[in-house]
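Q: This is the structure, below, for whatever I ask next.
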């Protein structure tokens, strides 16, 4: 399993996180910079990113200002995985996770 380590030390906005995540996952140039776009390509349409499951994104050095958003994003990824398993179109799981250290 691949572990992608990101440092949030210099992140001040959600956009900073999304930009770093796009680079780390090798997203297509036209990839959106919002939660919905990342949940879509991390959980449902994984073939659009260079990095393929299984993988973990581990985020360290997070400011207090960013911690809640990043924790929420991590839970959104988990929720998307659960939704994928429950949807007849997909019916399976994809092994991706975001962890805020």
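The values are calculated or read from the model by the stated rules, or taken from the named source; none is laboratory data. For clarity, every value in this text was computed on a predicted model and none was experimentally measured. FYI the Cβ positions are ideal-geometry reconstructions off the backbone, even for glycines, and counts take in every protein chain you see.
Q: Report, by residue number, each residue of region 91-101 that is exposed (fewer than 14 other Cβ atoms within 10 Å of the Cβ) and either touching a strand residue (DSSP E or B) at 6+ places or on another chain (Cβ under 9 Å) or more than 22 Å from residue 25 (Cα to Cα) (or both).
A: 91, 95, 101
Q: Also: Out of all the residues in region 53-66, which are assigned to a loop (DSSP other than H, G, I, E, B), at negative phi and out of contact with any helix residue (DSSP H, G or I) (no Cβ under 8 Å at 6 or more places or on another chain)?
A: Of everything in region 53-66, those that are assigned to a loop (DSSP other than H, G, I, E, B), at negative phi and out of contact with any helix residue (DSSP H, G or I) (no Cβ under 8 Å at 6 or more places or on another chain) turn out to be 54, 63.
Q: Additional query: Residues of region 68-92 being out of contact with any helix residue (DSSP H, G or I) (no Cβ under 8 Å at 6 or more places or on another chain) and closer than 19 Å to residue 13 by Cβ, which ones?
A: Once the filter is applied, which keeps residues that are out of contact with any helix residue (DSSP H, G or I) (no Cβ under 8 Å at 6 or more places or on another chain) and closer than 19 Å to residue 13 by Cβ, region 68-92 yields 68, 71, 72, 74.
Q: Quick one: which residue in 47, 36, 29, 19 is out of contact with any strand residue (DSSP E or B) (no Cβ under 7 Å at 6 or more places or on another chain), farther than 17 Å from residue 96 by Cα and in a helix (DSSP H, G or I)?
A: The match here is 19.
Q: Show the residue pairs that are 6+ apart or on different chains and have beta-carbon atoms under 8 Å apart, the first residue being within region 67-79 and in a helix (DSSP H, G or I), the second being surrounded by fewer than 16 Cβ atoms within 10 Å (Cβ to Cβ) and modelled with pLDDT of 95 or more.
A: 69/14; 74/99
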